Amino acid sequence: MLLHLTQTHQQLQETAREFADKILIPSADRCDRAEEYPAENVAKLAELGFLGILIPEQFGGAGLDNVALSLALEEINRGCASTGVTLSVHNSLLSNPLLNFGTPEQHERYLPKLASGEWLGAYAITEPDYGSDAASIETSCRREGDEYILNGTKAWITNGSHAGVIITFATLDPSLGPKGVCAFVIESTFPGFQVGKKEKKLGIRGSDTVQLVFDEMRVPAANLLGEEGEGFKIAMHTLDGGRIGIATQAVGIAQACLDATVAFAGTKTQFGRPLPASQLVAHRVADMATEIEAARLLVMRAAMLKDAGLPHGKEASMAKLYASELANRCARTAVEIHGGAALGRGAPVERLLRDAKITEIYEGTSEIQRLVISRHCFPRDKK
Ligand SMILES: Cc1cc2nc3c(=O)[nH]c(=O)nc-3n(C[C@H](O)[C@H](O)[C@H](O)COP(=O)(O)OP(=O)(O)OC[C@H]3O[C@@H](n4cnc5c(N)ncnc54)[C@H](O)[C@@H]3O)c2cc1C
């Protein structure tokens, strides 16, 4: 339990915890096995107001902060990481940049529908050939009168086939590098927008991951987000917030691994004594519990800095790096302590092991987080 949580924070956390225990944990295995988008969960989260956590009350949202978002995301991801990433992308990668960089007209048009859940949000920067190296994207944009025309393919886009509104990125001229990148708010009904192939995945199988194809897609000039050439800056700023969301997801998965391990070991007897009586098992559980608290504090520190309007890029990367690698360690430990029982289909730790892996990859791999953190350690290397 962290100190200084407001009553609102505590209530939100309690609501999310109850939702995870009653709705998500019992259905997470089914969602994973069927590789089915958790539409019912998302609709219920919309009813609870979780799709508008960061959106001001004047637009129908809850008007809360990033600490609130992290408290909610940890619980939701503890219950079901497929539902958790859906919520994280909607709030951190769509609502957040729209709030930060959108015009009053863009706020009026999009925020109420995002807050109510009428429209789900997505964020599309990755392309088949460019993930970590996002400044090299090839999706092109050109201005024609009151419109921009976009051509290209985006890959691995979470929420892509269910989203009504998406923030995407395209270049005016690849030779300009990051300075040529523009950000756009697009709608799935824009002419030339198509949903491409659906990805089949190792983990978070219930989440919606697709390619998006822009074929002479016509985007009103009013849907440019920020100024021409500001897209890369917007993308990186947005990912700082998104990384707090994925770090939180990793803490939720790690906590689920700990909960499952404690529940399993508590009922198991080996060599004539309960499993927790073995010091080896007890110490591994103690290490998990301690490291999860450390990861949670890193997440909260990054969220608090963001809420205070202070630089938080290094802290977000540290939280994501530490929490995602921890989630994978916890998942491996949980599987090992479960023994053979872990490998049966329907054992929660089998799914958690698969779900944990992605937290080390999306929104910047562990290598990219180390690169970001090291640049802060050697400030003269910063460009
Ligand atoms: C399930 C899933 C959901 C996703 N959701 C979204 C989404 O909603 N929106 C979106 O835009 N993208 C999304 N992505 C894409 C994701 O962000 C990228 O996969 C990620 O950024 C890595 O890019 P890549 O896959 O192209 O790998 P690459 O960039 O090709 O990297 C391959 C390997 O090289 C390493 N590497 C690359 N550059 C360096 C370097 N400079 N130094 C050291 N090592 C390096 C990487 O760490 C990695 O190990 C998603 C991906 C997945 C799998």
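The values are calculated or read from the model by the stated rules, or taken from the named source; none is laboratory data. Please read these numbers as outputs of a predicted model, since none were measured by experiment. Cβ placement follows ideal geometry from the backbone for every residue including glycine, while neighbour counts extend to all protein chains displayed.
In the condition set (1) touching a residue at least 40 places away in the same chain (Cβ under 8 Å); (2) buried (at least 17 other Cβ atoms within 10 Å of the Cβ), E216 is compliant with all but (2). Candidates R284, R273: the one that is basic (K, R) and surrounded by 16 or more Cβ atoms within 10 Å (Cβ to Cβ) is R284. Of everything listed in (1) among the polar types (S, T, N, Q); (2) over 22 Å from S95 (Cα atoms); (3) in contact with a Lys or Arg (Cβ under 6 Å, 6 or more places away or on another chain), the single unmet condition for Q211 is (2).
Residues checked against (1) under 19 Å from A265 (Cβ atoms); (2) assigned by TED's automatic domain parsing to the domain that holds T269; (3) out of contact with any Gly (no Cβ under 7 Å at 6 or more places or on another chain):
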| position | (1), (2), (3) |
| --- | --- |
| E325 | no, yes, yes |
| V335 | yes, yes, yes |
| G344 | yes, yes, yes |
| A347 | yes, yes, yes |
| I361 | no, yes, yes |
| S366 | no, yes, yes |
| V372 | no, yes, no |
| C377 | no, yes, yes |
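Those residues that are touching a Pro at 6+ places or on another chain (Cβ under 9 Å) and surrounded by fewer than 21 Cβ atoms within 10 Å (Cβ to Cβ), I need them from region 114-155; list them, please. Hits for region 114-155 are E118, A134, A135, S136, E138, S140, D146, E147, T153, A155.
Only residues that are in a helix (DSSP H, G or I) and at positive phi were counted in region 328-358, giving 1.
Looking at A250, is it touching a Cys at 6+ places or on another chain (Cβ under 8 Å) and buried (at least 23 other Cβ atoms within 10 Å of the Cβ)? Taking the combined requirement at face value, the residue does not satisfy it.
Among D173, D129, which is the only one that is acidic (D, E) and touching a helix residue (DSSP H, G or I) at 6+ places or on another chain (Cβ under 6 Å)?
Working: D129 fails: touching a helix residue (DSSP H, G or I) at 6+ places or on another chain (Cβ under 6 Å).
Among D173, D129, only D173 is acidic (D, E) and touching a helix residue (DSSP H, G or I) at 6+ places or on another chain (Cβ under 6 Å).
Across region 138-163, the qualifying residues are those that are part of a strand (DSSP E or B) and acidic (D, E), and the one among them that is farthest from the ligand (Cβ to nearest atom) is E144. Take the residues of region 359-376 that are more than 8 Å from the ligand (Cβ to nearest atom) and assigned to a loop (DSSP other than H, G, I, E, B): which is surrounded by the most Cβ atoms within 10 Å (Cβ to Cβ)? Ranking the qualifying residues of region 359-376, first place goes to T359. Within region 94-109, the set of residues being in a helix (DSSP H, G or I) and surrounded by fewer than 24 Cβ atoms within 10 Å (Cβ to Cβ) comprises L99, N100, F101, P104, E105, Q106, H107, E108, R109. All conditions but one from (1) within 16 Å of the ligand (Cβ to nearest atom); (2) part of a helix (DSSP H, G or I) apply to M304; the one that does not is (1). Would you check if I167 is more than 9 Å from the ligand (Cβ to nearest atom), assigned to a strand (DSSP E or B) and surrounded by 21 or more Cβ atoms within 10 Å (Cβ to Cβ)? Yes.
Filtering A39, A28, A72 for residues that are among the aliphatic types (A, V, I, L, M), within 19 Å of N159 (Cβ to Cβ) and within 15 Å of the chain's Cα centre (by Cα) leaves a single hit, A72. When each of G131, G121 is tested for being within 17 Å of the chain's Cα centre (by Cα), under 22 Å from L64 (Cβ atoms) and of a type in the set (G, A, S), the lone residue that passes is G121. If you check E127 against the conditions, is it away from the ligand (no atom under 11 Å from the Cβ) and charged (D, E, K, R)? No: the conditions fail for E127.
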